[in-house]
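Heads up, the thing below is written out as structure tokens.
The values are calculated or read from the model by the stated rules, or taken from the named source; none is laboratory data. Everything quoted here is computed from the prediction, not taken from an experiment. Cβ placement follows ideal geometry from the backbone for every residue including glycine, while neighbour counts extend to all protein chains displayed. Note: areas computed on protein heavy atoms with side chains; ligands, DNA, RNA excluded. Shrake-Rupley method; radii C 1.70, N 1.55, O 1.52, S 1.80 Å.
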Protein chains: 2
Amino acid sequence: MNKFIPKYHFRKGLRHECEVIDLEHFCANNRKIILKPHRTNFNQLFYFHKAKGIHTVDFEDITLADNSLLFAPKDTVHRFDDKAEVSGVLLLFTDNFFCSNSQDSILLRNCVFHSNITQSTLIHIPEQNTVFDNVFGQIYREFDNEKDSVQADILRNYIRLLLLHFIREQISLPIFRNQSDNQDFELVRAFEDMLEQHYNSSPQVAYYCQSLNVTEKRLQTATRNILDQSPKEIIKDRIVLEAKRLLVYSSDSVKEISFRLGFDEPTNFTKFFKKSTGKSPMDFRSSQKND
Amino acid sequence: MNKFIPKYHFRKGLRHECEVIDLEHFCANNRKIILKPHRTNFNQLFYFHKAKGIHTVDFEDITLADNSLLFAPKDTVHRFDDKAEVSGVLLLFTDNFFCSNSQDSILLRNCVFHSNITQSTLIHIPEQNTVFDNVFGQIYREFDNEKDSVQADILRNYIRLLLLHFIREQISLPIFRNQSDNQDFELVRAFEDMLEQHYNSSPQVAYYCQSLNVTEKRLQTATRNILDQSPKEIIKDRIVLEAKRLLVYSSDSVKEISFRLGFDEPTNFTKFFKKSTGKSPMDFRSSQKND
């Protein structure tokens, strides 16, 4: 028995590492897999036409809704609850297929970044927005075409369009709309972006302030205004999320994990984790066991 | 009076250096301009729904047809004849707007490259192909949206899709379909690609053979099979095209043009040009005068 969260790899033998599948069909055929925590080595964009129930993503419960999108980068831990009922389409693609240049990597990262700021990855699509139906329709038709020298590029463009429109829906949310001209907002964006790169090597607020060329008070004001959290809390949350991921989907020891996250001493990590989550690392790992 | 072919610049004051306009409307409003040879500092993709008459592109007469596409990179010399009747849409965009990375520049170049090989830039769209209508429709709708931080990227993606589908239609032509697995075809592609970069510095077939690591006989066989021309003729045609362009849309002297094209002596250029076109450079320039 695999005690840890299983990781699924992109299906071999397809023309491209990119696939669009019917969600209802997918859920029916993979019920055993999706009701238990699992992760994938590919990115997933869920486009729910009809959806109810709970989808748990990275230890957060997300209440599903009709006409919505959910983007989950590779390695995210997922689980549908057994009452979840969904229809729609699911786009799967690997980084390897999609990221043909550094701009693509940044675009992918921005999808997640914006999710962090909105504290939720479920994005509701206004009824009058037909772009997603349209682009998914084009992808379906593209798969009916014979493979030629431009097909991979065409598919990458469709994925880019979906991600850009996904980001557009996120930044049109009130939290973004009200803030997007705001210096606080820009500063928090820059902070979160930098944090994503350095959280495991630089847990000190001072490091980010120095790099961003602002005072700690300035950063504190910005994060309070936008996220109602202190920079310290945001850094802590990011490290805790990574600790949870490593605990449940690696078999690394607590000692190894504590070093990977930049702690000098495993006991410090254990204290930090318990204070943040109420559980010891080993207790958390056991509570998420896939059995 | 401007003796030389006028060059039009992208309209100032728009949100992006990208525009889609109704062709019928455009032709009616710009009749005086388009009936005379002119060029633009932006790229143009014509999507003809209905079209008859002649469109002259870079000194070649192209007979227009319904449901067709014509791509003209910046600096190409255009003229519609006065009996031309067209409807459809015209996409305009600058290199500056579109080329966000080197892949985009290569894509743009490939649109022209493929045109060279097919000896015509008019591409007929099969009736069942709805991609162009679809993508142009999406671009129109996009211009109704407010500008936001992703709009330029979204537009670039739509342009990329159009160009990729345009290339797909080209490579599905018999000349490409029959040759695309062919080593000759790949060699000619590589040769034309290299020629585009070096025609004015390296007019010798030997230079290309050495760079492509093939014998002159091998290259000769390939270009004969694919284009029914010798490498020498292809190089000559490329230099002649550039000479014509410089003669008609610059005011450079024949001497200056001959040096720009890599000739040691203007008299050699004049002899070369006359042998190729039947006219002296100055006679050719006069014959194209915009008066």
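Given the rule -39500 (n - 2.57) for each run of at least 4 DSSP H residues, summed and divided by the residues of chain A, what is its mean residue ellipticity at 222 nm, to the nearest 500 deg cm²/dmol?
Details: 14 runs with 152 residues, N = 291.
Result for chain A: -15500 deg cm²/dmol, rounded to the nearest 500.
Over 19 Å between Cα atoms, which of A:74/A:244; A:7/A:74; B:74/B:232; B:74/B:244; B:244/B:271 qualify?
From the list (A:74/A:244; A:7/A:74; B:74/B:232; B:74/B:244; B:244/B:271), the Cα-Cα distance tops 19 Å for B:74/B:232.
Defining the label point at 7 Å along Cα→Cβ, can you sort the distances from residue A:287 to the same site in each other copy, shortest first, in nm?
In nanometres, ordered from closest: 8.6.
List, largest first, the extents of the alpha carbons of region A:7-176 along their principal axes, each in whole Å.
42, 38, 29
How many percent of the alpha carbon pairs in the protein assembly as shown exceed a separation of 35 Å? Walk me through the numbers on the way to the answer.
Details: 86452 of 169071 pairs.
Across the protein assembly as shown, Cα pairs with separations above 35 Å total 51 percent.
Tell me the distances, shortest first, between residue B:85 and the same position across the other copies, using label points 7 Å along Cα→Cβ, in nm to one decimal.
5.8
Between beta-carbons, use under 14 Å as the cut-off and find the net charge around residue A:223, counting Lys and Arg +1, Asp and Glu -1.
Its environment carries a net charge of -1.
Which order do A:252, B:283, A:22 take by accessible area at a 1.4 Å probe, largest first? Present the calculation step by step, with values, prior to reporting the outcome.
Values: A:252 35, B:283 90, A:22 65 Å².
Ranking A:252, B:283, A:22 by accessible area, largest first, yields B:283, A:22, A:252.
So how do A:109, B:11, A:238 rank on accessible area, 1.4 Å probe, biggest first, that is with the largest at the start?
Final ranking, largest accessible area leading: B:11, A:109, A:238.
With angles folded into 0 to 90 degrees, how steeply does helix A:131-144 sit against the dominant principal axis of chain A? Use alpha carbons for both and round to 10.
60
Determine the relative contact order of chain B: mean sequence separation of Cα pairs under 8 Å and six or more apart, normalised by residue count, in whole percent. If you can, show how the numbers build up before the last one.
Details: 405 pairs, mean separation 49.0, N = 291.
This gives 17 percent for chain B.
Using a/c under 1.5 as the rounded threshold, could you call region A:183-287 rounded, prolate or oblate? The axes a ≥ b ≥ c are square roots of the C-alpha gyration tensor eigenvalues, and prolate needs a/b larger than b/c, oblate otherwise.
Prolate.
For region A:20-30, just list the computed ³J(HN,Hα) in residue order, Karplus coefficients 6.51, -1.76 and 1.60, θ = phi - 60°, integers in Hz, with x standing in for Gly and Pro.
Values per residue, Gly and Pro as x: 10, 10, 6, 5, 4, 4, 4, 5, 5, 7, 10 Hz.
Counting Lys and Arg as +1 and Asp and Glu as -1, each charge on the Cβ, what is the dipole of the protein assembly as shown about the Cα centre in debye, to the nearest 20?
780
Return the average number of partner chain Cβ atoms within 10 angstrom of each residue Cβ along peptide B:145-153.
4
Which one of A:129, A:87, A:62 has its Cα pushed farthest toward the positive end of the charge dipole of region A:7-176, where Lys and Arg give +1 and Asp and Glu give -1 at the Cβ?
Among A:129, A:87, A:62, the one farthest towards the positive end of the dipole of region A:7-176 is A:62.
Go from 0 up to the bin containing the longest alpha carbon distance in region A:150-228, width 10 Å each, and give me the % of pairs per bin.
Calculated P(r), rounded to whole percents: 16, 36, 26, 17, 5, 0.
Enter the angle in degrees (range 0 to 90, nearest 10) between the Cα long axis of helix A:102-118 and the first principal axis of the Cα atoms of chain A, meaning the one along which they spread out most.
Between helix and principal axis, roughly 70 degrees.
Would you list B:216, B:146 from the most to the least accessible area, probe 1.4 Å?
B:146, B:216
Once amide H atoms are placed 1.01 Å from N in the peptide plane, what residues at a sequence separation of 5 or more from residue B:40, or on another chain, have their amide H within under 5 Å of its amide H?
B:8, B:75, B:76
Return the value, in Å² to the nearest 100, of accessible area buried between chains A and B (probe 1.4 Å, both sides summed). If you can, show how the numbers build up before the last one.
Numbers: alone 15080 and 15150 Å², together 28180 Å².
Approximately 2000 Å² gets buried when A meets B.
Taking all protein chains in place and a 1.4 Å probe, what share, in percent, of the accessible surface of the protein assembly as shown do carbon and sulfur account for?
Heavy-atom surface of the protein assembly as shown belonging to carbon and sulfur, 1.4 Å probe: 47 percent.
Placing the label point 7 Å from Cα along the Cα-to-Cβ direction, what are the distances from residue B:32 to the equivalent spots in the other copies, shortest first, in nm to one decimal?
Relative to the other copies, residue B:32 has label-point distances of 7.8 nm.
How many percent of Cα pairs in chain B exceed 31 Å? Could you put the intermediate results ahead of the total?
Details: 13880 of 42195 pairs.
That tail contains 33 percent of the Cα-Cα pairs.
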